[in-house]
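What follows is a single structure, written as structure tokens, with notes after it.
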Amino acid sequence: MPNQPLNDYRPLFIGLDALIPFMDGTCGCYTNLDNAASTPPLKAVQQAVDDFLVYYSSVHRGTGFKSQLSTYAYEQARQIVMRFVGADPMEHTCIFGKNTTEAINKLARRFPFDPKRNIVLTSAMEHHSNDLPWRAATPVIHVRLTPDGRLDEDDFDAQLSMHADKVALVALTGASNVTGYINPIHRLAGKAHAVGALLLVDCAQFAPHRKIDMLPLDHPEHLDFITISAHKMYAPFGTGALIGRKDIFESGDPDMTGGGTVEIVTLDSVVWSAPPEREEAGSPNTVGAVALAAAIRQLETVGMSEVAHHEAALTRYALEGLCHIQGLKVFGDNDPSKTEDRLGVIPIQLDHVPHFLAAAILGYEFGIGVRSGCFCAHPYILHLLGLSKEEADEVRHRIMAGDRSEMPGLIRASFGLYNTIEDVDTLLDALSHISKGEYKGKYVQDRATGEYSPVGWQLDFADYFNL
Ligand SMILES: Cc1ncc(COP(=O)(O)O)c(C=O)c1O
């Protein structure tokens, strides 16, 4: 147990008391430990959206009161996002979009790669969203990892110096969605800038849990670009943002063209608007921007240092408990005394229970939501599991043949601000039972998806929600 009781942030959130069915016929609260995927909404977000919808209308160039108010709200949301990450409106722009994936794809299409300086240096620990868009755009080098899955900074240094005049951009995650490791982004920024490269930090995982400070562009350790996703920040209304150097978006054609991106169009000419409008083709998701800003306001009220403190206490307590469960392995760093440079994201393996089965039992019998599999980070999982190239090839062949029954992977438990010590106890108790084979259901696997479902029990979602 932590030395001092933790604050209870559950009252700030929607839906935590909703009852869900368990396989034994009882009902109970859902224990959501899948926050690295998406987070539940804050009440403050719902309130802001409700208040805003009364006035909601078209933005930009609408002349009526509601249009002007909507434009005001949208631009205010942009300012709130920029202030939250330490961006300067003179140097940076904030481009709203759907999520981090869209933001990184945009940057990959808009980044001014020069044929002589076109390498992106990324790492083998990235989410696919910070890897595949770069592979589609330009040559990519993946920095190696240490055996326990951290970025190998010696290899980073070596790659950077070997390709010093060819690296255009370093693209790294702020925090891993698999191990929760936090990368030393400012130190790495300093090294990237020293060879004339820019730096993107994928903050999809980092932003809900730690303070971001992009720093002024003349600071050697500034961050040139960052991305965030609102659905991981307690504001699931379909918004994300790319925040970064304005100058990069002031020249070149936008990656997506259409309404809202132009100053003037004739039949044979186009003058693009200044960023961010130039980069936000079509009508924007104004409600999503308002929701994100409201979530940020709430996180700021709690304080990002308190967020970090609360989640570090949960992580410490979880790691202390997990090491007592026989036949359970925590991947990555499992040291409870080192929770400062990691998030509350814990990858777990049970010796005798496949990850898909363990996740199913957790869900059906214990009401616990986790994720299992490779978490959109296949190279990283293969590295952590120590699979050889031949073994990885075999996995690929089986998947291509439509068989995921032996898909390698892990179970992932990830904490958010509203989680409690009781949630961790629920997880520890469930894993301890499962590891001893103490579960009730009989499960059958779908070979195509790899997922397990209990025999003779079916959920009827229509009892809970209908449109
Ligand atoms: C580290 C990281 N980067 C990128 C993404 C992609 O985010 P989104 O699905 O919001 O685009 C995720 C999502 O899990 C992530 O964890």
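The values are calculated or read from the model by the stated rules, or taken from the named source; none is laboratory data. All figures in this text were calculated on a predicted structure; none of them were measured in a lab. All Cβ positions, even for glycine, are placed from backbone atoms using ideal geometry, and neighbour counts span all protein chains on display. Calculation scope for accessible area: heavy atoms of the full protein, side chains included, ligands and nucleic acids excluded. Shrake-Rupley method; radii C 1.70, N 1.55, O 1.52, S 1.80 Å.
Brief remarks on what is shown
- For region 181-291, the per residue solvent-accessible surface stands at 37 Å², with DNA, RNA and ligands left out and a 1.4 Å probe.
- Calculated accessible area for region 408-464 comes out at 51 Å² per residue, all protein chains present (probe 1.4 Å; ligands, DNA, RNA ignored).
- Of the listed residues R117, R109, the order by accessible area with a 1.4 Å probe, largest first, is R109, R117.
- Within a straight-line Cα-Cα reach of under 13 Å, K338 can be paired with the following aspartates and glutamates, leaving aside sequence neighbours fewer than 8 residues apart in one chain: E311, E320.
- Cα long-axis angle, helix 185-194 against the chain (0 to 90 degrees, to the nearest 10): 40 degrees
- Compared with the dominant Cα axis of the chain, that is its longest principal axis, helix 100-110 is turned about 40°.
- With contributions of -39500 (n - 2.57) from each DSSP H run of at least four residues, the per-residue ellipticity at 222 nm computed over the chain stands at -10000 deg cm²/dmol.
- Checked against a 23 Å cut-off, the cross-linked pairs K191/K232; K98/K246; K211/K232 give Cα-Cα distances beyond that limit for K191/K232.
- Over every Cα atom in region 371-467, the radius of gyration and the widest Cα-Cα span, Dmax, amount to 17.0, 48 Å.
- Helix 153-162 and the long axis of the chain differ in direction by around 30°, with both axes built from C-alpha atoms.
- Over all projection directions, the Cα-based convex hull of the chain averages an area of 24.7 nm².
- Accessible area (Å², 1.4 Å probe, nearest 10) - E91: 50 Å²
- A full extension of the chain between Q46 and D88 corresponds to an added length of 12.3 nm, given 0.36 nm per residue minus the alpha carbon distance.
- Legend: residues M304, M256, sorted from most to least accessible area (1.4 Å probe; ligands, DNA and RNA excluded), read M256, M304.
- A 1.4 Å probe over all protein chains sorts D423, D351 by accessible area into D351, D423, starting with the largest.
- Evaluated with a Cβ-only charge set (Lys, Arg +1; Asp, Glu -1), the chain carries a dipole of roughly 460 debye about its Cα centre, given to the nearest 20.
- For region 61-130, projected area of the alpha-carbon convex hull averaged over all directions, nm²: 7.2 nm²
- Shown for region 160-270: the carbon plus sulfur share of the solvent-accessible area, taken with all protein chains present and a 1.4 angstrom probe, equals 58%.
- S58 accessible area, assembled protein chains, probe 1.4 Å, Å²: 60 Å²
- Rolling a 1.4 angstrom probe over region 271-353 with all protein chains present gives an accessible area of which 48% lies on carbon and sulfur atoms.
- Solvent-accessible area of I185 with every protein chain in place, 1.4 Å probe, in Å² to the nearest 10: 10 Å²
- Gap separating the Cα centres of region 119-152 and region 397-429, nearest whole Å: 23 Å
- Between A189, I104, N130, the Cα set farthest toward the positive side of the dipole of the chain (charges on each charged residue's Cβ, about the Cα centre) is that of I104.
- Dipole moment magnitude, nearest 20 debye, region 402-464 about Cα centre, only Lys, Arg, Asp, Glu C-beta charged: 260 debye
- Charge dipole (Cα centre; +1 on Lys/Arg Cβ, -1 on Asp/Glu Cβ; no other charges) of region 214-314 amounts to roughly 400 debye.
- For K436, a cut-off of 28 angstrom between C-alpha atoms picks up these lysines, skipping any fewer than 8 places away in its own chain: K329.
- Taking all protein chains into account, the per residue accessible area for region 95-159 stands at 42 Å² (1.4 Å probe).
- Dipole-positive endmost among G402, N419, I434 within region 398-437 (Cβ charges, Cα centre): G402
- Distance from region 255-297 to region 178-215 (C-alpha centre basis), Å: 27 Å
- Extreme residue, positive dipole direction of region 1-67, given options Q47, Y30, F13 (C-beta unit charges): Q47
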